[in-house]
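Take a look at the structure set out below.
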């Protein structure tokens, strides 16, 4: 019967989850109160005791925390442990946020665990503390999954901040980490790096081991002070330059971008500390192998399992390169470079990676001209002027300005979860604002030593002068226009940077048939 159709059941579950999004109220000054509700929800789900037994690596930060979590998970899975991974946001399917042994939770399990949590919270509502809102519900759902699946280790990525984040409900995680810090969500976390550091350090707990990466001195001092208040010591992760593979060869990474070396260094420290604290002195069958790996790391050598974990780590939408399947069929050249950067600092890093990746691509195609295209969108809570200025400045410094810029709304909607293939609304008013912000940068972009070659006008007329910036009605028409450009100009290679929002990146991956699975 229709009601028993698994896809319809999953779609109905997404509808219920979507209804929780409207309850989110960022910046409403209620974060302290709502965070206190987590204790009630945990008790109502009878998770309080199971959470005391959950072995967690907890990671906060502004930049790179998702990539760091992915690398920790990949390393420990390569060592033979069963793993759970909780991250946010998702690119295409909400199930990406909850992974078991590197794979998104199945639709069947998602529906089963969702129904249990939703029904239990509804049945135990006291009228004052009702249903958890979207992110907190997903956090509770993830914790329900991880405690029931009997995993060796769970890696939790903080959603926002740290001290008041929904994930900050683990009594005493063995290992905590803070990735690179920057100014983001200042309306909630504070408008200085010191205030933000204090919020991130809120995940430090007595009995844990805390690690971070090189930060601004004032931020490092705050992290150290907060660690001391928790009765623990903060360690700055050593550079990977101090660690070598057993065969003397350089370390290889599955994740592209020079900045990933910093994240990888922290991931190695977190994985090592977890094995040292949880496994070595236990009765687990992996204890001897773990002791050997830790000893090898202490001597400056990277164990093979750690090497394999770093090599095999995949984190879609971050420094990802995809040759467009729709253009390769015609022999034309169109390559998408996708990175979900959405802060000033990460936009600069994104620009550096894009430049280096395009240069590497050009070296393999000597004599072929290229056109660099920016495909951009960001959330309305961001400052597009700062983001675009950071990116364009980075590209100008490397004498690689963009030839064209396109601004388009994503197909997905933050306030609505839909099964794959369902299009979103077509409101381009925010994209007009983005385009105006870019028009300030565009004349400076045009000053670069790049030959400006004309591109054909799209059939739907949705684009204007793409050098100054253009607004497109949707992603589908934007990608088809790029493909038509590549077909009509086979002497060119179209290099398209997709950035500014993980929602945009996820929708492009979906349209290209490369959605993470």
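Read the figures in this text as sums done on the coordinates, not as results from a lab. Keep in mind that what you see is a predicted model, and the values were worked out from it rather than measured. Note that we place each Cβ from the backbone using ideal geometry, even for glycine, and neighbour counts take in every protein chain shown.
Side notes on the structure shown:
- Taking 0.36 nm per residue of sequence separation and removing the Cα-Cα distance, the residue 235/residue 46 pair yields an extension gain of 64.6 nm.
- Here the extension length gained between residue 191 and residue 109 equals 25.4 nm, from 0.36 nm per residue of separation less the Cα-Cα distance.
- Isotropically averaged projected area of the chain, using the convex hull of Cα atoms (one quarter of hull area), nm²: 25.5
- Compared with the dominant Cα axis of the chain, that is its longest principal axis, helix 6-19 is turned about 90°.
- All Cα pairs of region 154-249, percent lying beyond 24 Å: 23
- Residue separation of residue 281 and residue 433 scaled by 0.36 nm, minus their Cα-Cα distance, works out to 48.9 nm of gained length.
- Our analysis of region 227-298 gives Rg over Rh at 1.02, with the two radii drawn from alpha carbon positions and Rh computed by the Kirkwood formula.
- Relative exposure of 495, 194, judged by other C-beta atoms within 10 Å (fewest first): 194, 495
- Its DSSP H runs of at least 4 residues, each contributing -39,500 (n - 2.57), put the calculated 222 nm mean residue ellipticity of the chain at -13500 deg cm²/dmol, to the nearest 500.
- Residues 136, 382, 261, 49, arranged from fewest to most other Cβ atoms within 10 angstrom of their Cβ, appear as 49, 261, 382, 136.
- Placing pseudo-labels 7 Å out from each Cα toward the beta carbon at residue 116 and residue 218 gives an inter-label distance of 4.7 nm.
- Acute angle (nearest 10 degrees) that the helix 31-44 long axis makes with the longest principal axis of the chain, alpha-carbon atoms: 60
- Axis of helix 287-298 versus longest Cα principal axis of the chain: the two differ by about 60°, to the nearest ten degrees.
- Relative exposure of 176, 69, 117, judged by other C-beta atoms within 10 Å (fewest first): 117, 69, 176
- Relative packing of 149-157, 286-294, 97-105, 496-504, which averages over residues the other C-beta atoms within 10 Å, highest first: 496-504, 149-157, 97-105, 286-294
- R0 of 22 Å, Cβ-Cβ distance residue 249-residue 82: FRET efficiency to nearest 0.05: 0.15
- Spin-label pair residue 12-residue 381: with each label point 7 Å from Cα along the Cα-Cβ axis, the two points sit 3.2 nm from one another.
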